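The values are calculated or read from the model by the stated rules, or taken from the named source; none is laboratory data. The structure displayed is predicted, hence computed values, not measured ones. Reconstructed Cβ throughout: ideal geometry from the backbone, glycine too, with neighbour counts over all protein chains shown. Side chains are part of the model used for accessible areas, which takes the heavy atoms of the whole protein and leaves out ligands, DNA and RNA. Shrake-Rupley method; radii C 1.70, N 1.55, O 1.52, S 1.80 Å.
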Amino acid sequence: MINHKNEILIKGYAVSIVLVVMAMGIIYKLITLQADPAERARFAEFAQRTNFREAEIPAQRGNLYAADGSLLATSVRHYDIAIDGKAMKQELIDQHLNALADSLEKMLGGPAKEYAKTILQAKANQKQYVRIAKNLTFQQLNRIKSFPIFSEGQIKGGFIVEDKLIRERSVKDIGARTLGYVKGDTLKVGLEGAYNDLLAGKNGKRLEQRMGGGNWRPINVSTEIDAEEGLDVVTTIDIGMQNIAYNTLYQQLVEYEAVYGSVVVMEVKTGEVKAIANLTRLEDGNYADIQNFAVGAATEPGSTIKAMSLLAALESGEVDTMTLVNTGGGRVNLFGRSISDSRGYGKIDVKQVLEKSSNIGTAKVVTDIWQKKPKGFMKFIKDRWKLDQPLGVDIPGEAMPYIPSPEDKSWSRLTLSSISFGYESKLTPLQILTFYNGIANNGVMLKPLFVKEIRKRGELISKFEPEIRVKKMASDSTIKKMQNMLKGVVQNGTGRAFYNEHYTAAGKTGTARVEYWKKDQAIQYRASFCGYFPTDDPKYSVIVVVHKPSRQKGIYGSTVAGPVFQALMEHVFVSTPKPYYIPDSLQISKPKPNKKPFEIKYGNNTIPDLMGQKGYEVIPVLENMGLKIRYTGVGKVISQSIAPGTKFTKNQTLHLELDNS
């Protein structure tokens, strides 16, 4: 008997040891599957042969925010639903088919009998995947989950749910090209493309089983690797300015029937781009933001380059603002070519040359100094101001500027004069604006900035500081002279149409001929204005370009492009608080505004009341508490899936509905 018991014990121990070894082997295999890429590859190959596959779990893409924290672009989760006819219990179909079909008709539209027919066919043919609806919101999903049969889940009710992330913009078309998009691994546009590596996060892995009709279903096994969500990018965009820039540009393009237009607003002291809009005329006459001309289109700048030419002349010391230039009767022959102004100005000083936008005056000033030694001019244009080099902005697709060199075969005795008043060279609107912004910034040229911060769940990861491109464009006295000359353009010259004595501006108009080499069409023009405001302690610089406006309606920079600049200036003027004096006897203490951030009102393991809170403020706090957040829409919280005060566990999912109406 004892021997028999010992024999049983020995066998039991042996079985236990075998089970332990098998368990350890399984654990080891799972670990190697997660840690060893080669092992995962071998497993994936095996899985493919046996109707399984290792699929990617898309990571939650980071958000794009405006400078004030307003949401610009986010990934919203949508849901597709399907049925597994093989899993769906027949008794449930017999009892609740009509009720389910009626519910689907009321919610999704379409006849109830078609839904009933689809379900019956899926059951009869034992189809394991038949799609019922696509792109449902979380609220719609919750509702449909409560329908008869579907409420029994996947095992009994054959109810299959698939989720996907769809990128949505809160500002729609306004600045769409600047915000950009990513398609596959090759097409990366705008800020979405520039910061794709940060925004994209890291996809996870999971095992899926092949279903009927070529569809796949996730299998919950321990080999799943969670996706890592992307980082958030806080841009420099000001929503108010962006709206003004977009809408005013749109109005001007419609009024003047132009082919396309561009506007960029930059903060003088930081180089931050506060607004950027690009609109192209479509075949139906409407305009859309489909090409970023401000960054990607280098064209002949026209008269806006005259500030660069005359700044170089002033800095050379060969002329001063009061130096007289004989422009004649409006047309002169210079080096065998006729150059003309809009009318004859006779003898005028250098300051008036800029104010009146004299081609003759500018060409004479520059060629008198550098015609025999053009490299001296290029030392300013290229060596000091780097106008022949791209800005290196984050947004992909910046066009290469073009400034010819005296060594080029194409250089002729006419080239220097042509460059001086805006031809035989190419610059993008953003490159021109960067120069003018430097004049406004007392000679410090800054690289344009499109991003302020990188954040993760509200926590600051990195901050972008202003980057100096040219430390000193010219001496303080020369910069001051150019500032006064640009101010004179608006007060006395071609920009006086939008002079405002209460909120002064400085800048330069431009009216450049385009496609002048085409002999079979009337002359076309590109109208522009580049400047800054206010003249005392400038805050913002702006460039506006309107390409090929109707010649019958207007072609000049002051009338075609100027109103966009003026609208932006008035917007800032109206929204800027005006200081005024209050006698001490009338001083009244004002209540301090509540600047406290969102705080949790319950314990750390309880759901707070989120109604009315701003989504971008509460989501990082909730995630730091250990919750997984899923949300739809943008703006403030109008619905939460878990009631306030409810206890929660780590990694529990909380669904929020946001709305900014």
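Tabulated results
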item: Residue pairs, from the table Lys351/Lys375; Lys426/Lys447; Lys386/Lys539; Lys456/Lys636; Lys306/Lys463, whose Cα atoms sit over 28 Å apart; result: Lys306/Lys463
item: Portion, in percent, of the accessible area of the stretch 273-364 that falls on carbon or sulfur, probe 1.4 Å; result: 43 percent
item: The stretch 199-352: relative contact order as a whole-number percent, Cα under 8 Å and 6+ apart; result: 12 percent
item: The chain: relative contact order in percent, alpha carbon pairs under 8 Å with at least 6 residues between; result: 12 percent
item: Label-point separation, Gln209 to Asp102 (7 Å along Cα→Cβ), nm; result: 3.5 nm
item: Nearest-10 value in Å² for the accessible area of His502, using the 1.4 Å probe; result: 140 Å²
item: The chain, accessible area per residue, ligands and nucleic acids excluded (1.4 Å, Å²); result: 50 Å²
item: Using a Förster distance of 60 Å, the FRET efficiency for Met22-Gln521 (Cβ separation, nearest 0.05); result: 0.10
item: Charge context of Phe293, other residues only, Cβ under 11 angstrom, K/R +1, D/E -1; result: +1
item: FRET efficiency, Thr323 to Thr186 (Cβ-Cβ, R0 60 Å, nearest 0.05); result: 0.65
item: Loop GluC sites (Glu not before Pro), the stretch 214-313, which have at most 13 other Cβ atoms in a 10 Å radius of their Cβ (DSSP); result: Glu283
item: Charge dipole (the chain, unit charges on Cβ, about Cα centre) - positive-most of Gly62, Met241, Val263; result: Val263
item: Under 5 Å, built H, 5+ apart or other chain: amide partners of Ser641; result: His655
item: Nearest-0.05 FRET efficiency for Thr649 and Lys463, computed from C-beta distance (R0 45 Å); result: 0.80
item: Alpha carbon centroid spacing (whole Å) that separates the stretch 75-106 from the stretch 349-398; result: 71 Å
item: Built amide H within the under 5 Å cut-off of Ser170, gap 5+; result: Ala73, Thr74
item: Hz values of 3J(HN,Hα) by residue in the stretch 388-395 - Karplus curve (6.51, -1.76, 1.60), Gly and Pro given as x; result: 8, 10, x, 6, x, 6, 5, 5
item: Integer Hz, Karplus 6.51/-1.76/1.60 couplings in order for the stretch 515-528, x for Gly and Pro; result: 6, 6, 7, 7, 8, 9, 9, 5, 4, 10, 9, 10, 8, 8
item: Gln524 long-range amide H proximity, modeled H, under 5 Å; result: Val514
item: Under DSSP loop assignment and at most 11 Cβ neighbours within 10 Å, longest chymotrypsin sites (Phe, Trp or Tyr not before Pro)-free interval of the chain; result: 1-516
item: Table column - 3J(HN,Hα) (Hz), the stretch 644-654, Karplus curve with 6.51, -1.76, 1.60, x for Gly and Pro; result: x, x, 6, 5, 10, 10, 4, 6, 5, 8, 10
item: (i) 32.0; (ii) 29.8; (iii) 44.2, with the label sought being that of the calculated Kirkwood radius over Cα pairs in Å; result: (ii)
